[in-house]
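Just below is one structure, and these are the notes that go with it.
The values are calculated or read from the model by the stated rules, or taken from the named source; none is laboratory data. Every value quoted in this text rests on a predicted model; they were computed, and no experiment measured them. Note: ideal-geometry Cβ built from the backbone for every residue, glycine included; neighbour counts use all protein chains shown.
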Amino acid sequence: MHATTPALPPETLFGVAYYPEYHQSDRLEQDLDLMVRAGINVVRVGESVWSTWEPRDGQFELEWMARVLDEAHARGLRVILGTPTYAVPPWLQAAYPEIAGERKTGERIAWGARQEVDYSHPAFRFHAERVIRRIAGRYATHPAVIGYQVDNEPGLELLHNHGVFTGFVRSLRERYGDVETLNREWGLTYWSHRIDDWSELWRPDGNTSPQYDLAWRRYQAEVTADFISWQAGLVREYARDDQFVTTCLQYPRRGVDDRTVFEALDVTSGNPYYGMQDRLDASKELSQPNYWTTTGIAGLFRQADRLYSSKQARYLITETNAQSIDGPACNFPPYPGQLRQAAMAFISRGAAMIEYWHWHSLPFGAETYWGGVLPHSLVPGRVYAEVSEIGAQLKQLGSSLDGFVPDADVAILWSNPSRYALQFMPPFSADGVADDESYEHVVDAFYRGVLDAGRQARIMHVEQARELGADELARRFPVLVAAGAYIAADDDLALLREYAAVGGHLVLGPRTAYADDEARARVEVAPAGLAGPAGVMYEEFSNLEAPIAVESRVDARIPSGAHGGLWVDGLIATGAASVASYIHPRFQDFPAVTTNPHGDGRITVVGTVPDVALAASVVASAFESGPRSPFSDAGLPVTVSSGVAGGSRIWFVFNWGWERQILTVSSSVTDAVNGAVISSGAELELNAWDVRVVREEIEEVR
């Protein structure tokens, strides 16, 4: 980190990834003029073309970027300068084939894509350092450069190279001290896996031990974090005090822990891509993948809140959809209005920059059909016009969002170790195949429930919650969801108990607290460490091959038609009240939802993966009154998001559908874009795929 973390500009940054070197003719000045007319104020450059910076070993060509930066600066455009280390030049691959990453021991990744390299290898590091120093040394003082992006979407591969494995064994020796401790902690008596010397530890390729795998995954994340921290250190030797250093993440990557990788960086950056067209229609339920792209409104917002979670601070979006995303068989450009909706959705959850990938659609390469702001013709069209509209509105908003903090009344715990563990031993399957998105299925079910209950979520890493402490957690967030938190240390269990004891409402979901920090199933009554305070236990659990309907018990508010899916914990109430039960000849013996007072708070246990109706009802029931907003009649397809900046609460109101929506304003607000006052009792109109931003003066920040 810098001695003082560089401040982000007070106005929202709005821009594109820009590659003038990808054009077939010189369009630099024409492109930059079009950007300025569209309200774009920042571009990201340089991160993809090591072979342009250094076409031959030791021969550097740096001056081509000077004109790009000069022309950008002349137009008032800020620049984020990338280091090109994720795309290795052919000469380096040919000279040092041993730097190729290995997906399996001894099986090198074939060259021809990107990120094929073992970035811990000394030969790679030598050449990477050389090009980084040349680029940073040449351009750090350029007035256009406001920050640096080191590498790009790191953590794509789990590296099985010899040097990585050697480092892994070394890390185990440092942690456990001797092999007897490792044998005991990992349970290596099983299947005769006890080792007598560190040299006997087997390679990860055929590993079946979840304890080994969790340690291996954690080490892979450390390798990635070390690589990014190393690059950041090099860049900071040249960077000015007012220039930030970041990297951009694709969050589902298996070789990265977002929290730890950003510890050495000034600001979080990421690349949230999302399904457009009907995948943002609130009236439709489409079962599409939720991996590097997401489906649905909740998927869009969950990506935004994951970005905020990495540092619990505002963040930069370095890439997101401009037109169609993915290959030539996935052409779903946004409906008119959806780009603006998505941009405002990200901003409403803490984005300080929206940057599209990318400026112009490419005529060649693997991403030919990843559409840019300009189509293949390079003639500005409908998407350019919508981007220009967003740029104009952000310009009108000016610095009013400086210091923006998104509202949240529900905290949702996120556990990367649990995600790793449930990828190795998935509790769910899809079409008969183990589903390594099992962790996301659990968390997303509750996250969707928060949104459908009209509440707002703050995703928080378990480690961050531990640092915050139970009292502060309960003060900030009246409801805390711990679902899918399979890996839980004793301190984590103590935190959850204390959170409820001091007045918070703790909601537990399937698989929470089942294993300890070594991924060992806890040898105690489940849910471990929480069964007594929750007034409920279970000893058996079952997968579900089809959803099961649930119904309310006395005084509960479970809607008709609610279901649980994928999983049933056989809950046995030992003092808790049953809130909901299954409509099933066997599973009716177990409550689906229970609740129990604990200290000054309460613990609610959900024994299944809830559908939207069940999850939303559980969240709504955790509050004594409904959500407060100036739009009391808002309901799907309308959603509301908010945050605080400069003594005002900023409300973002979305219409996720084709039908025009009219809301009644219950308290006076001001249109944050045009300054018009909207009096109490007046109507707020939302056209198809529309978003309105209004400001409400507040007396104190909650």
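Tabulated data for the structure shown
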{"read-out": "Failed item, numbered, when Gly15 is tested on (1) surrounded by fewer than 20 Cβ atoms within 10 Å (Cβ to Cβ); (2) modelled with pLDDT of 95 or more; (3) more than 25 Å from His127 (Cα to Cα); (4) not charged (D, E, K, R)", "value": "(1)"}
{"read-out": "Residue in segment 380-394 that is within 30 Å of Gly112 (Cβ to Cβ), in contact (Cβ under 8 Å) with a residue 12 or more places away in the chain and surrounded by 24 or more Cβ atoms within 10 Å (Cβ to Cβ) present", "value": "no"}
{"read-out": "Among the residues listed as Ala528, Ala485, the single one being farther than 30 Å from Val653 by Cα, in a loop (DSSP other than H, G, I, E, B) and within 24 Å of the chain's Cα centre (by Cα)", "value": "Ala485"}
{"read-out": "Qualifying positions in segment 655-699 - of a type in the set (D, E, K, R), in a loop (DSSP other than H, G, I, E, B) and touching a Pro at 6+ places or on another chain (Cβ under 9 Å)", "value": "Glu659"}
{"read-out": "Any hit, segment 198-206, residues being surrounded by fewer than 18 Cβ atoms within 10 Å (Cβ to Cβ), in contact with a strand residue (DSSP E or B) (Cβ under 9 Å, 6 or more places away or on another chain) and assigned to a helix (DSSP H, G or I)", "value": "yes"}
{"read-out": "Residues that are surrounded by 15 or more Cβ atoms within 10 Å (Cβ to Cβ) and either free of Cβ contacts under 8 Å to residues at least 60 places away in the same chain or among the hydroxyl-bearing types (Ser, Thr, Tyr) (or both), drawn from segment 174-196", "value": "Tyr176, Val179, Leu182, Asn183, Leu188, His193, Arg194, Ile195"}
{"read-out": "Odd one out for Val245 among (1) among the hydrophobic types (A, V, I, L, M, F, W, C); (2) buried (at least 21 other Cβ atoms within 10 Å of the Cβ); (3) assigned to a helix (DSSP H, G or I)", "value": "(3)"}
{"read-out": "Residues of segment 253-264 satisfying the condition of being in contact (Cβ under 8 Å) with a residue 60 or more places away in the chain and either farther than 16 Å from Gln464 by Cβ or among the charged types (D, E, K, R) (or both)", "value": "Arg253, Arg254, Gly255, Val256, Asp257, Asp258, Arg259, Ala264"}
{"read-out": "Residue satisfying condition, being assigned to a loop (DSSP other than H, G, I, E, B) and among the small types (Gly, Ala, Ser), within set Ala128, Ala113", "value": "Ala113"}
{"read-out": "Filter pass, Ala144 being in contact with a Leu (Cβ under 8 Å, 6 or more places away or on another chain), surrounded by 16 or more Cβ atoms within 10 Å (Cβ to Cβ), more than 30 Å from Ala87 (Cβ to Cβ) and of a type outside the set (D, E, K, R)", "value": "no"}
{"read-out": "Qualifying residue in segment 80-95 (condition: without any contact (Cβ under 8 Å) to a residue 24 or more places away in the chain and in a helix (DSSP H, G or I))", "value": "yes"}
{"read-out": "Candidate set: segment 77-119, residues that are polar (S, T, N, Q) and buried (at least 20 other Cβ atoms within 10 Å of the Cβ); chosen: the one nearest to Gln250 (Cα to Cα)", "value": "Gln115"}
{"read-out": "Residues of segment 72-113 satisfying the condition of being in contact with an Asp or Glu (Cβ under 8 Å, 6 or more places away or on another chain) and among the charged types (D, E, K, R)", "value": "Arg75, Glu102, Arg103, Lys104, Arg108"}
{"read-out": "Residue tally, condition outside any loop (DSSP other than H, G, I, E, B) and touching a residue at least 40 places away in the same chain (Cβ under 8 Å), over segment 488-506", "value": "6"}
{"read-out": "Test result for Thr85, farther than 30 Å from Trp216 by Cβ and among the hydroxyl-bearing types (Ser, Thr, Tyr)", "value": "no"}
{"read-out": "Qualifying residue in segment 610-619 (condition: in a loop (DSSP other than H, G, I, E, B), surrounded by fewer than 12 Cβ atoms within 10 Å (Cβ to Cβ) and at pLDDT 95 or above)", "value": "no"}
{"read-out": "Single residue of Ala66, Ala100, Ala72 found to be out of contact with any strand residue (DSSP E or B) (no Cβ under 9 Å at 6 or more places or on another chain) and either aliphatic (A, V, I, L, M) or at pLDDT 95 or above (or both)", "value": "Ala66"}
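Residue by residue, here is whether (1) in contact with a helix residue (DSSP H, G or I) (Cβ under 6 Å, 6 or more places away or on another chain); (2) farther than 23 Å from Thr224 by Cβ; (3) at pLDDT below 95 holds:
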| position | (1), (2), (3) |
| --- | --- |
| Gly163 | no, no, no |
| Arg175 | no, no, no |
| Trp186 | yes, yes, no |
| Ser199 | no, yes, no |
